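A short reminder: the numbers here are calculations on the coordinates, not readings from a lab. Computed from a prediction, not measured in an experiment: that's the story for all the values here. Methodologically, a virtual Cβ is constructed for each residue, glycine included, from the backbone with ideal geometry; neighbour enumeration extends over all protein chains shown.
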Amino acid sequence: MTETATLQQALTRFLDPAGLDRQRQRVCHHLLACRTEAMGGTILQCTGCDHTQPHYFGCRDRHCPQCQGRAMAQWAERQQANILPVRYYHVVFTLPHSLNGWVQLHPEVIYRRLFQSAWQTLRTFGRDPKRLGGEMGMSAVLHTWGQNLSQHVHLHCLVPGGALGDDGIWREARSHYLFPVRALSRHFRGNLVSALREAATSGELHRVTRPGDVDDQLNTLMATEWVVYSKDCLEHTDTVVRYLARYTRQIAISNARILAVDDHQVTLCYKDYRDRDRRKQLVLAGEEFVRRFLLHVLPKGLMRVRHYGFLANRCRRRRLAEIRRALAVETTPEADTAANDAEPTYTCRHCGQPTLRVIETFIPLRPKRSRHPSHREQRYRA
């Protein structure tokens, strides 16, 4: 491996699969096997110097810090192709930390209600005749972590600044903050608390078993201010798209942020937003690092990226064409990702030329029955 320390090294040393649910065990198995002979691969030979070397396949797990680079680039290209010539807003809806326990007990319920409440909030404000009086659009990406791997659940939303009225006229938003932030926050709070109360009544929060806990928690939430961020991005919409793309296929930490792994602890770097975005180092016990990392494994099948309004998948092409006609601009063709699907080239480690060719393919190794990392350690190599 080229990195001095990796997530694979930390998991190999400190992961204890006992007590993990099936989804987390599955994710850890993928990450430990990624780019090793356990995933299979090819043998490459240089046509210039005859040097041969193995190339192991990636796991393609959405939680893996080594995979999904091409998928992220393709997602960003598709979003860029759908960008309208209007002001865009970056809106962030943050879930209060007091709900973190419920997130671990019922992630599917909480995340689904979070997405729905964020969209209903923007949709209600956009439909208001005193504001925009039309249909809005929103692309939202779920983000569950802070820089220190703590649980910090929030939605990053990219919102076109305007709404398409029923009369086919585009009504542009002119505020630097789209809508009043405090009003957004309180509407979002009321909508989500109401949704959670409804979920509890219908039995969806059945793992919250302490008597009176649901009412106490929801009453406390209604008495606190929630955090909603909103700011226009006039000159850097493409930068926000690339920022969101980083979280569409990956998880809490990249290998580049892991500075060292030894027998007892993991050292990582992080940006302290409360201290003028300064770069700092954080040392965690190995077991604590793994615990924090596993907090951010998503339930199987949960969609981390969702589109709403005129950006919804079922109507996006038609509605964007209508908006461009209303704005009197030409329709932009969808992004062509054929170049990204071309056969990849490989550089020879010996002569440094991109002249490697595949001469053999081998299938993945059949895993042993035991899931404990120590039983696989000898077979997993970079």
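Give me ARG292, ARG70 sorted ascending by neighbouring Cβ count inside 10 Å, so fewest comes first.
Details: ARG292 19, ARG70 13.
Result, fewest neighbours first: ARG70, ARG292.
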Taking 78-88, 46-56 and ranking on average Cβ neighbours within 10 Å, highest first, one gets 78-88, 46-56
Over the range 106-208, what relative contact order in percent results from Cα pairs under 8 Å that are six or more residues apart? 28 percent
If R0 = 30 Å, then GLN53 and ARG246, at their Cβ-Cβ distance, give a FRET efficiency to the nearest 0.05 of 0.50
How big is the C-alpha Rg of the range 169-299 next to the rule-of-thumb value 2.2 N^0.38 Å, as a ratio? 1.45
From the helices alone, meaning DSSP H stretches of at least four residues, give me the mean residue ellipticity at 222 nm for the chain, per-run term -39500 (n - 2.57), in deg cm²/dmol to the nearest 500. -10000 deg cm²/dmol
Please give, to one decimal in nm, the separation of the simple spin-label points placed at ALA321 and VAL358, each 7 Å out from Cα toward the Cβ. 3.7 nm
Starting with the highest mean, order 15-27, 152-164 by the number of other Cβ atoms within 10 Å, averaged over the residues of each peptide. 152-164, 15-27
The whole-number value in µm²/s of the Stokes-Einstein translational diffusion coefficient for the range 1-110, with Rh from the Kirkwood sum over alpha carbon pairs at 4 °C and 1.567 mPa s, is 71 µm²/s
Stokes-Einstein diffusion coefficient for the range 174-215 at 25 °C in a medium of 0.890 mPa s, Rh from the Kirkwood formula over Cα pairs: what value in µm²/s? 200 µm²/s
Under 5 Å between amide H atoms, partner at least 5 residues away or on a different chain: which partners does LEU311 have, H built in plane at 1.01 Å? MET138
Debye sum, Cα scatterers, the range 101-202, no solvent: what log₁₀ I/I(0) at q = 0.19 1/Å? -0.99
Residues of the range 95-113 with amide N under 17 Å of the 7 Å Cα→Cβ point at LYS300: 107-109
Per-residue ³J(HN,Hα) for the range 313-328, Karplus 6.51 cos²θ - 1.76 cosθ + 1.60, θ = phi - 60°, Hz, x for Gly and Pro: 4, 6, 9, 4, 4, 5, 6, 5, 5, 5, 5, 5, 5, 5, 8, 6
Mean separation of Cα contacts under 8 Å (6+ apart) over length of the range 41-162, as relative contact order %: 25 percent
Give me the extension gain from ALA328 to ASP275: residue separation times 0.36 nm, minus the current Cα-Cα distance, reported in nm with one decimal. 14.5 nm
Work out the charge dipole of the chain with +1 on the Cβ of Lys and Arg and -1 on the Cβ of Asp and Glu about the Cα centre, then indicate which of PHE362, GLY126, TRP170 is farthest towards its positive end. GLY126
Roughly speaking, what is the stretch gain from VAL181 to LEU259, that is 0.36 nm per residue apart minus the C-alpha to C-alpha distance, in nm to one decimal? 24.3 nm
Here the net charge surrounding GLN45, from other residues whose Cβ is less than 9 Å away from its Cβ (Lys, Arg +1; Asp, Glu -1), is -1
Between Rg and the Kirkwood Rh of the range 230-331, both from Cα atoms, what is the Rg to Rh ratio? 1.13
With label points set 7 Å from each Cα along the Cα-to-Cβ direction at ALA73 and VAL208, the distance between them in nm comes to 4.4 nm
